[in-house]
Every structure is written in C-alpha cells, then in structure tokens.
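Below is one structure, written out as structure tokens, with a few remarks after it.
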Amino acid sequence: HGIAAHWMYQERKKEPGTTVKKIADDVKWVQQLKQWQEKYSSATSDPEELLQSMKIDFFKDRIFAITPKGDVIDLPLGATPVDFAYYIHSEIGNTCVGAKVNGQLVPLDHKLHSGDMVEIVTQKGKKPSENWLPLVKTSIAREHIKYALRSRNQLARQATKSTKAELKVVTEERIGLLKDISGVIANSHINILGFEVKHQPGNRFPVNRVEIATTDKQKIEKLILKIKKIRGVKEVGYKLV
C-alpha cells in the first residue's frame with residue numbers, strides 16, 4: 001500500500017487534473033493482490049491456482065513478451081512486433097522488417113501474446129513506413145516512427161531543391177594528385193563546377209572541395225568509390241548544395 005500511495009502521489013504531480021478516484025481505480029490490483037496473498041498463503045493451497053488467477057485478472061490488459069536473451073518486455077494488449085522492436089531500441093525499430101515469434105516468422109501486424117518469445121528481424125538501410133502507425137499501440141513507437149518520417153521528408157525536400165553536390169576530399173601532398181581526381185570525375189561524365197584546396201591549421205592533409213554538376217546520389221556514391229582508390233586519398237565525403 002505504501003508503494004501504491006507513493007505512485008499515486010507522483011501521478012497527481014505529473015497530471016494535476018487527475019482525480020484521486022481515477023488513480024485509485026488504476027491501483028485496485030494492490031488490494032486484490034493482498035487478498036490473493038491471504039487466500040493462498042496456507043501450505044495446503046495450490047500455487048498454480050494463484051498463478052492462474054493472476055493471469056486472468058491481474059494481467060488482463062498487459063502482455064509480457066520475452067527477448068531471446070530472456071528479458072521480459074511489458075507491452076499493452078494488442079501490441080505488435082513493431083512495438084516490441086522500438087521498446088528495445090529506436091534503431092532496431094527503424095530497421096525492422098519482420099519478426100520470429102516462438103521460432104516462426106510473422107508479419108509486422110501480428111498481435112503478440114504473453115509468453116511469446118520474440119526475435120526482431122532487421123535490414124540495414126530499412127526505414128519506417130507510414131503504414132506502421134496504425135499497427136502500434138505504444139506512444140514510444142508512434143513518436144519514433146513520426147520522427148523518422150519527418151526526417152526522411154526533410155531530406156527529400158532538400159534533395160529536390162539542390163542543384164549540385166560538393167565533394168570533400170582529404171588527401172596527401174602529391175604531385176599529380178589533383179589531376180588524377182579531375183580525371184576520374186571527367187571519366188564518370190560529370191562536370192566540375194569548382195575546385196578549391198584548403199590547408200587547415202593543425203591538419204597535415206589538405207582538404208579539396210570539388211563542386212560537381214549532379215545531385216544523383218547513386219552516381220555520386222559510385223564516383224566516391226573510384227576516388228577512394230586513388231593513391232594518396234585519405235577520406236571522401238559529400239553533401240548536396
């Protein structure tokens with residue numbers, strides 16, 4: 001009762017408009033648990049009967065799924081593997097493509113049950129879909145999905161506005177290196193719009209900034225792989241501008 005009273009006090013501080021009755025109704029299970037303890041405390045009582053009562057009455061609105069490592073995840077009734085994935089980590093949620101429940105592959109809209117052993121299947125580069133929003137029951141999953149969707153839309157808008165890309169190439173000092181970089185870009189049928197070399201204080205490797213006339217990410221990434229093979233090139237990155 002002491003623990004429940006403390007919880008009720010904290011809840012009222014977080015939500016001042018919450019009535020005592022509403023909070024008290026939420027913790028009626030404390031009294032129920034005490035009654036169960038008194039009823040089943042004798043040595044002749046069957047502990048299985050107590051467990052069954054708890055399954056039916058105490059946990060009727062919650063499910064308790066299990067990770068492959070044996071950790072128990074507390075989720076609301078109707079939760080799906082997407083809720084489970086985001087509960088573990090946002091990156092696991094963002095990249096999930098399916099799940100294994102008790103060793104069997106299931107779709108992302110599968111409703112989990114208490115006692116299910118859940119393993120999330122992920123795929124690198126996978127992004128959340130707007131279709132996931134109706135599947136989830138937890139606020140943490142819903143907020144992560146919305147955030148990922150907003151970020152993706154912002155990148156898409158930025159790519160639409162961009163007219164060129166800027167390569168950042170960190171290199172050693174070597175005669176003919178700039179000519180080699182220019183040759184690789186030209187052979188990739190990409191026009192060079194500008195070329196600038198900067199020697200940053202405290203850095204013994206100069207930074208070459210190359211503006212190129214393309215925003216095609218696939219084309220740029222292929223170009224970067226070729227530039228990285230040039231002798232003396234230490235690092236290559238890019239941004240759309």
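How do 112-121, 189-198, 83-92, 221-230 rank on mean C-beta neighbours within 10 Å, highest first?
Values: 112-121: 17.1, 189-198: 12.3, 83-92: 19.6, 221-230: 14.3.
Result, highest mean Cβ count within 10 Å first: 83-92, 112-121, 221-230, 189-198.
So what is the diffusion coefficient of the stretch 111-237 in µm² per second by Stokes-Einstein at 25 °C and 0.890 mPa s, using a Kirkwood Rh over Cα pairs?
Values: Rh = 18.2 Å.
Answer from the Stokes-Einstein relation: 135 µm²/s.
How are the C-alpha pair distances of the stretch 98-182 spread across 5 Å bins, as whole percents from the shortest bin up?
3, 10, 13, 14, 13, 9, 8, 8, 7, 6, 5, 3, 1, 0
For the pairs LYS146/LYS217; LYS124/LYS226; LYS168/LYS228; LYS127/LYS168, flag any whose C-alpha to C-alpha distance is greater than 19 Å. Spell out each step's value before the answer.
On the way: LYS146/LYS217 25 Å; LYS124/LYS226 23 Å; LYS168/LYS228 12 Å; LYS127/LYS168 27 Å.
Check vs 19 Å cut-off fails for LYS146/LYS217; LYS124/LYS226; LYS127/LYS168.
How big is the stretch 70-142 by Rg and Dmax over its Cα atoms, in Å?
For the stretch 70-142, the Cα radius of gyration and maximum Cα-Cα distance read 10.9, 31 Å.
Return the FRET efficiency for the residue pair GLU211, SER114: r is the Cβ-Cβ distance, R0 is 51 Å, and the value is rounded to the nearest 0.05. Numbers along the way, then the final one.
Working: r = 58 Å, r/R0 = 1.15.
E(calc), rounded to 0.05, equals 0.30.
Taken together, the values in this text are just the output of simple stated rules run on the coordinates, not laboratory data. Note that the structure is a prediction, hence the values are computed from the model and not measured. Note that each Cβ is placed from the backbone with ideal geometry, even for glycine, and that neighbours are counted across all protein chains shown.
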